[in-house]
Each structure stands twice: as structure tokens, then as C-alpha cells.
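J.: Below you will find the structure I want to go over with you.
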Amino acid sequence: MFGLSKNNPKPSLLQKLQQGLQRTRHHFSDLFTGKAIDDDLLEELETQLIMADVGIELSQSIIENLETQINQGKIKDSSQLSEALQQQLVAILDASAKPLLIPKKPRPYVVLMVGINGAGKTTTIGKLANQWQATHSVLLAAGDTFRAAAVEQLQVWGNRLSVPVIAQQTGADSASVIYDAYSSAQAKAIDIVLADTAGRLHTQNNLMAELQKVKRVLSKISPEAPHQTLLVIDGGTGQNALVQAKQFHQDIGLTGIVLTKLDGTAKGGIVFAIAQQLALPIYYIGIGEGVEDLRPFEPQAFVSALFEPAVTE
Ligand SMILES: Nc1nc2c(ncn2[C@@H]2O[C@H](COP(=O)(O)OP(=O)(O)O)[C@@H](O)[C@H]2O)c(=O)[nH]1
Ligand SMILES: [Mg+2]
């Protein structure tokens, strides 16, 4: 699969994920060691879930579920409790985990990245271009025409990865830049167009109107385009991430989510809230600034990384 680079054998993958999730991990990893199951432990567990930003309601329902299993005698010690919790967490995530596989058709396949400023759109485009160019030809579209530095930042990625970038000057029409990129990719038989967009215009309404226009204009080339509209969200924004996701989904229609910066936050529990509340796949998670620090979202690996003892070399 795309995210698994060949010189990263399994153990160090888990290790990297654990390192990335370190700050969220501290809520979970030592909670159960040698403790008796009592109300204090369950209360502590609920607090830790809430502090990790799993969300109050979901945390309560997780605890209630565990209490039921305890009362039924299915959970007798803290290691069984930990096991049952992990199973529940994986089950919450399972429906949202879906690898992003680029189908053979249509070509070019257009992936539009949206999200507020600083969420990690441009960086994620660089990371995805790096992964995808191993198997596909890729072209980048500098659709964030609002900020002066934005085009440059994408061009830096393009140079670094030797991937072509279609850009115009700052202030140009975003829809026209992305349309040009799509046409150019068609003419050159390029497989994938990764389109950047602005995160901030003068108002939120302006931003949504611009993104709607981008979609409208692309659909003139092909009614199915863009083939993916991915929302990039900063995992550190906690519960606010949900508000953003709902807004973007309502206004422009999303096909999936990339959750970034899980390495910088103790609030990685937001993944569970997003999985539970939005019927959208979480395709990737960002766990660092480096080009390799984008992983396909895998529930079992994610939950294991939160609970298993630290892997050491
Ligand atoms: N630690 C960390 N930093 C990230 C991650 N993704 C992006 N960033 C950083 O977040 C900042 C904003 O990213 P950028 O791609 O410019 O956001 P954009 O405004 O949405 O295009 C940059 O400094 C990135 O290096 C991540 O997964 N982890
Ligand atoms: Mg950007």
C-alpha cells in the first residue's frame, strides 16, 4: 500500500506511530498496569478519554459499555478491561478506515485538498505526491492564490520531488488555475492532479463560494471531477475539528478526511469523535512534518500504538 515505504519494516512502523502519538498515548498507556477494577479506575479512565478529546458523550457511552461487561462478569481484571476498551475503540474506528486507492480510471484523477489555513494542506500534498509518484505521474495545482507564500511553498515541494506545478500569480482565480492544471494533465496524460486551495479568504462565505466555484468549473471537464475532495484538519484543534468538518461537508461536500499533526497533540482522541460523528473515511493521518510522516489510517495499528508498551530498538 502507498503509505508503507519499503525500508520501514513493521516494528519500526509501530515505533514511529507510537512516537508520533506520544502525547495522546500518555492518557492510555499506563492506566491499567496492576490496578484493581473499581469505580476509581473507571472514573480515571473516563477522565482520560475526555482529556484526549474523545468527547464527553462518546466517553460516557464507552464507560457504560465497559460497566455492563464488568457486571456480566466478562471483564475480571485490568488487563481484560484494557483489552475490551481497545476492542471498542477499534470498532468505533473501523467504519471510517478505508485505504485511498487510486482507481485505474478516470484519468487524470483529481484530488482537491481543502481546509482552513495552517491545517496542513500544502504539506499533505507534498507527502501524497511523494508517495503516489512511486506508482503514478503526478501534477500539482497551486490553487491557493490568496497568500503570496502559498504558491512558492507548493513550488518548493514540486522542485524537491521533481513534480510539475501549475501556478499563476497571487490573486489569480483559483478555479482557473486548477482548471488549467486539469486540462494540462489531460493533455500530458498525467495520472493524478493534486490541487491546493486557500484556507482563508475575507470571510468564510467567500472561501466556501470559491471552493464551490472550483468544483463547478472542474465538473465542466468531467462531471465526476474532482474525484476526491479531502478535508485536511489539524488534529490539535480538538472538538472544533468536528465543527469545521461539518461546515465544509455541508457547504462543498467532502469525500474523505486527512487528520494532521497528531504528533503535536495530546488530543488525538478526536479521531474517535470524528469517526463516530461523520460518515466519512479518514484516509490518512499526519504524524510529523517530514515527507514520510503521513500514514494510511489503520484502526488496529492506531489503537495498539496508544496502548502497547513502547517499542524500543
Ligand atoms: N508536526 C506536524 N506538523 C505538520 C503536519 N502537517 C503539517 N504540519 C505543519 O503545519 C504547518 C502548516 O502546514 P501547511 O501545509 O502550510 O498548511 P496549509 O495552510 O493548510 O497549507 C507547517 O509548518 C507544516 O510543516 C503534521 O502532521 N505534523
Ligand atoms: Mg497551504
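Readers should treat all values here as calculations from the given coordinates under stated rules, not as data from a laboratory. Keep in mind that this is a model prediction, so the values were computed, not measured. As a convention, Cβ positions derive from the backbone with ideal geometry for all residues, glycine included, and neighbour counts pool all protein chains shown.
J.: Run the dipole for the chain about the Cα centre, Lys and Arg Cβ at +1, Asp and Glu Cβ at -1, nothing else charged, and hand back the magnitude in debye, nearest 20.
T.: With Lys and Arg at +1 and Asp and Glu at -1, about 1540 debye.
J.: Give me a comma-separated list of calculated 3J(HN,Hα) values for segment 273-289, in order, Karplus coefficients 6.51, -1.76, 1.60 applied at θ = phi - 60°, integers in Hz, x for any Gly or Pro.
T.: Taking θ as phi minus 60°, the curve returns 5, 5, 4, 6, 9, 10, 8, 10, x, 9, 7, 9, 10, x, 10, x, 8 Hz for segment 273-289.
J.: Take the Cα pairs of segment 177-260, get the Kirkwood Rh, then feed it into Stokes-Einstein at 4 °C and 1.567 mPa s and tell me D in µm²/s.
T.: Approximately 93 µm²/s, per Stokes-Einstein.
J.: Most mobile of 229, 170, 203 per a Gaussian network model of the chain (Cα springs, under 10 Å)?
T.: 203
J.: I need the peptides 78-89, 63-74 ranked by packing, meaning the mean over residues of other C-beta atoms within 10 angstrom, with the highest value on top.
T.: Most protected by this proxy first, the peptides run 78-89, 63-74.
J.: Let me ask you something else. Taking the inverse of the average 1/r across all pairs of different Cα atoms in the chain, what Kirkwood radius in Å do you get?
T.: With all distinct Cα pairs of the chain included, I get 20.4 Å.
J.: Share of antiparallel DSSP beta bridges in the chain, in percent to the nearest 5?
T.: Rounded to the nearest five, the antiparallel share is 10 percent.
J.: Something else now. Set the bar at 21 Å for Cα to Cα. Now go through 104/261; 16/104; 213/246; 105/213; 127/267 and name every pair that lies beyond it.
T.: 104/261; 16/104; 105/213; 127/267
J.: Let me know the charge dipole size of segment 143-219 about its Cα centre in debye, to the nearest 20, where only the beta-carbon of Lys, Arg (+1) and Asp, Glu (-1) is charged.
T.: So the magnitude is around 100 debye.
J.: With viscosity set to 0.692 mPa s at 37 °C, what whole-number translational diffusion coefficient in µm²/s follows for segment 143-195 from Stokes-Einstein and a Kirkwood radius over Cα pairs?
T.: Approximately 289 µm²/s, per Stokes-Einstein.
J.: How large is Rg over Rh for segment 57-97, taking Rg from the Cα atoms and Rh as the Kirkwood inverse mean of 1/r across Cα pairs?
T.: 1.00
J.: While we're here: Ratio of alpha-carbon Rg to the 2.2 N^0.38 Å globular estimate for segment 125-240, to two decimals, please.
T.: Computed over Cα atoms of segment 125-240, the ratio equals 1.05.
J.: I want to verify a result. In a Gaussian network model of the chain, Cα cutoff 10 Å, which of these has the top mean-square fluctuation: 238, 256, 55?
T.: 55
J.: Round to the nearest 10 and give me the degree value, 0 to 90, for the angle of helix 148-161's Cα axis relative to the longest principal axis of the chain.
T.: On a 0 to 90 degree scale, this one is about 80.
J.: Where the convex hull is taken over the Cα atoms of segment 262-313, what is its projected area averaged over directions, in nm²?
T.: Over every viewing direction, the Cα hull of segment 262-313 projects on average to 4.4 nm².
J.: I need the Debye-formula profile for segment 161-308: one equal scatterer per C-alpha, no solvent, reported as log10 I(q)/I(0) at q = 0.09, 0.18 1/Å, two decimals.
T.: Evaluating at q = 0.09, 0.18 Å⁻¹ gives log10 I(q)/I(0) of -0.33, -1.18.
J.: Using Stokes-Einstein with the Kirkwood hydrodynamic radius over Cα pairs, what translational diffusion coefficient do you get for segment 17-170 at 10 °C and a viscosity of 1.306 mPa s, in µm²/s rounded to a whole number?
T.: 82 µm²/s
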